[in-house]
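**Q** I am attaching a structure below and will ask some questions about it afterwards.
The values are calculated or read from the model by the stated rules, or taken from the named source; none is laboratory data. Note that the structure is predicted; figures quoted are calculated from it, not measured. As a convention, Cβ positions derive from the backbone with ideal geometry for all residues, glycine included, and neighbour counts pool all protein chains shown.
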Amino acid sequence: MLRCAGLLAAALFLPSVGFAHDVGPGPHGGEVEDANPGPTLHFEVVVKGKTVNVYLLNEEEKPVPVSGASGDVIVLANKKKDRIELSPSGSDMMSGTGDFAADPNMRALVSLTVSGVKQQALFSRLGEQKP
């Protein structure tokens, strides 16, 4: 009985995997994740030294204007949290500089308000980016 319940739970989960965004390098070489609640907005995060760049992309990974957007990113690296304010730094990019050191297990939570809607995305592969 318990085995059947486990198989049923796995079967219910499998169809939802097809709807997840494929995590991989974006047009700027960073990790791309769906923004939540989305549904058509994606964030790409590129870390260079102590600077975090967040690109806004549509579902075809084309640039989305950042005018009027605001937000921050919380970086977790080397067991320390660093909250970094982001500001527009180009037509489709938000940028901010923090006080963190590169870490192979580095993660980040991006929170942006875009067109009056709060959007968030969690990034877990930032430590795998090539400098």
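**Q** Which residues, counting only those in segment 102-126, are more than 12 Å from the chain's Cα centre (by Cα) and either within 21 Å of SER67 (Cα to Cα) or free of Cβ contacts under 8 Å to residues at least 40 places away in the same chain (or both)?
**A** Matches in segment 102-126: ASP103, PRO104, ASN105, THR113, VAL114, SER115, GLY116, VAL117, LYS118.
**Q** Taking segment 95-113, which residues are outside any loop (DSSP other than H, G, I, E, B) and touching a Ser or Thr at 6+ places or on another chain (Cβ under 9 Å)?
**A** Within segment 95-113, the subset outside any loop (DSSP other than H, G, I, E, B) is 95-97, 107-113.
Those that are outside any loop (DSSP other than H, G, I, E, B) and touching a Ser or Thr at 6+ places or on another chain (Cβ under 9 Å): SER95, GLY96, THR97, ARG107, ALA108, LEU112, THR113.
**Q** Considering only residues that are among the hydroxyl-bearing types (Ser, Thr, Tyr) and modelled with pLDDT of 95 or more, look in segment 92-131 and name the one that is surrounded by the most Cβ atoms within 10 Å (Cβ to Cβ).
**A** SER95
**Q** If we keep just the residues of segment 66-93 that are without any contact (Cβ under 8 Å) to a residue 24 or more places away in the chain and among the acidic types (Asp, Glu), which is nearest to PHE123 (Cα to Cα)?
**A** ASP82
Matching residues to (1) more than 15 Å from LYS118 (Cα to Cα); (2) hydrophobic (A, V, I, L, M, F, W, C); (3) at pLDDT 95 or above:
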{"site": "PHE43", "(1), (2), (3)": "no, yes, yes"}
{"site": "ASN53", "(1), (2), (3)": "yes, no, yes"}
{"site": "GLU59", "(1), (2), (3)": "yes, no, no"}
{"site": "PRO63", "(1), (2), (3)": "yes, no, yes"}
{"site": "ASP72", "(1), (2), (3)": "no, no, yes"}
{"site": "LEU76", "(1), (2), (3)": "yes, yes, yes"}
